[in-house]
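Asker: I am attaching a structure below and will ask some questions about it afterwards.
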Amino acid sequence: NNRLAVISSQQEYKALMVGENFLEEFVCVFNPLDCYDGVKAGIPSATTFGVYRRNLSCLASHFQSKINEEEISCLQTTLQPGSSLLLAGYCTYSSATVLTLCVGSQVHIFNLDDEIGESVLT
């Protein structure tokens, strides 16, 4: 079943278990709105994200006295190196909305076409 087990945002203090019984396979880490303060000045903002396969091999034992078992499981799945990413990407918001995805060694760029309301591979 290809659903998320955990999401972790730069804006939140803790990772959040979103899957049922923590059996789902993927973890998503993201920064929902990078450079938000620049929006008022006309500077583009962006959302950045990465997806990992759930991995419980990270040791979070030094946190055990401070957080509960569920939080430890969430933390273990999100503390992974960038080399473990399955995919990563970012979406920039400015005069154009552009989604860039990196999957393996391939990069795909999509531009939002306002006329049809869909992102188009460019």
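We did not get these values from a lab; they are worked out from the coordinates using the rules stated. Just so it is clear, the model here is predicted, and its values are computed rather than measured. Don't worry about glycine lacking a Cβ; one is built from the backbone with ideal geometry, like all the others, and counts go over all protein chains shown.
Asker: How far apart, in nanometres, would the label points at V103 and A41 be if each is projected 7 angstrom from Cα along the Cα-to-Cβ direction?
Answerer: Result: 3.7 nm between the two label points.
Asker: Multiply the residue gap between A96 and V51 by 0.36 nm, knock off their C-alpha separation, and tell me the result in nm, one decimal place.
Answerer: Working: separation 45, 0.36 × 45 = 16.20 nm, distance 2.45 nm.
Computed gain between A96 and V51 is 13.7 nm.
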